[in-house]
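FYI, it's all coordinate maths here, none of it is from the lab. This is a predicted model, so every value here is computed, not measured. Here Cβ is always computed from backbone atoms with ideal geometry, including for glycine, and neighbour counts include all displayed protein chains.
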Amino acid sequence: MKRTNQNQGFTIVEMLTVMGIIAVLIGLLIPALNQVKDFSRQIQQKAQFHGIEVALEMFKNDSAFGTYPESNDNIDSYDGTKSVAASACGSGALAAATAYCGANKMAEALIGLDYLGVHPNTALRADGGNCVVDKTNTQLVYPVYHLSTNYSPAWETIDENLKARKGPFIDLENANAFRMDEVYGTGAGKLGLFATSTYTEPTEGVAYYPLVLCDIFSKKRSGTGNKKTGMPVLYYRARTAYTQQNFNNANAIRDDIYYYPDNLNLLALGTPEDAIVHPLYANGGAAADLQSFESIILNKQVTTIKRPYRAGTYILMSAGKDGLYGTGDDILNFDKGSER
């Protein structure tokens, strides 16, 4: 009787068929996995926003402040003059010559210029200075973050300075805080109008650039230290004295709830490595950019007037996965729902 081989293997056709099926399944699975990954990162970004929001509420509720930190850039004020008025300090004493925008002010308010908490006398300026009254009742312009051993006896000792600090209002390990030179680098004028701050003694030999809180979409940067950072989280505080967001009215943007130039100088830097222009700054801050900004933040459900989301508080904006502000993957601290 003829015996048959019970251990026959797969034919080449069968193997190719199975491999083809597996390839098709992988082709279907990879996009789904990428979508899950992107959704997961969006959730992470929303979680970071939540941590920032809690910190901003703590800042506001502290008796030393009583409101959210301002967000206007110190060289582009709401009324066309220097944002820090020359008042009791004398003419022009606090006029800012370098950029210090909403993203920088939020970072200082939540962790301080030196990661040791915010000083209650801060004027939210890159150099940490303010017009203060010292122990002898003398009015002077002084770097309130001054922690040198060569302090003025009429001002604060190191211990007094640190005990006066508030916060940090957000855990440093969760703040994702970096200096702007760590994100953008300093070569070939990369930081534009942003400059080193001078709130410590020059003899200490440390250059401090303004801080920002970065989003969770990190990548290796060519800036100082070659660190892995995200893009700065943009911060705009609502100007609750106003009722609309209409750049095309008689007063242009002067009476908008959210003031587009608050982070204009940061947008002007483009992306850190290749200086790609952000769509939110595609026209150099011209009317088309104002319209783009407006379209991002407007609540389309309100039809009687142009009213933005979160009209009574503030807006946080992440550049999203592509690192560009003003594109469809931007993440904000509100959800447009069916508008998307």
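Just add up the charged neighbours of residue 244: K/R +1, D/E -1, any other residue whose Cβ is under 15 Å from the Cβ of residue 244. It works out to a net charge of +3. A simple packing score, the average count of other Cβ atoms within 10 Å per residue, orders the peptides 137-143, 10-16 as 137-143, 10-16, with the highest score first.
Placing pseudo-labels 7 Å out from each Cα toward the beta carbon at residue 226 and residue 274 gives an inter-label distance of 2.1 nm. Taking the Kirkwood radius as Rh and the Cα radius of gyration as Rg, segment 213-328 has a ratio of Rg/Rh equal to 1.01. The percentage of C-alpha pairs in segment 127-167 whose separation is greater than 15 Å is 38%. Per-residue packing, averaged as other Cβ atoms within 10 Å, sorts the ranges 222-228, 308-314, 191-197 into the order 191-197, 308-314, 222-228, beginning with the highest.
Each eigenvalue of the Cα gyration tensor of segment 151-193, multiplied by 5 and square-rooted, gives one semi-axis; in descending order these are 30, 19, 7 Å.
Hey, what's the Kirkwood Rh for segment 101-245 if you take every pair of different alpha carbons, in angstrom? Can you show the working numbers first?
On the way: mean 1/r = 0.0608 Å⁻¹.
Every distinct Cα pair counted, the radius reaches 16.4 Å.
Express the relative contact order of segment 196-315 as a whole percentage, based on alpha carbon pairs under 8 Å and six or more residues apart in sequence.
Numbers: 153 pairs, mean separation 26.2, N = 120.
Over segment 196-315, the number comes to 22 percent.
For the peptides 157-165, 51-59, 265-273, the ranking by packing is 265-273, 51-59, 157-165, with the highest mean count of neighbouring Cβ atoms within 10 Å listed first.
Would you work out the relative contact order for segment 225-274, in percent, from Cα pairs under 8 angstrom that are 6 or more residues apart? Display every interim value, and only then the final one.
On the way: 34 pairs, mean separation 15.1, N = 50.
In percent, rounded to a whole number, it is 30.
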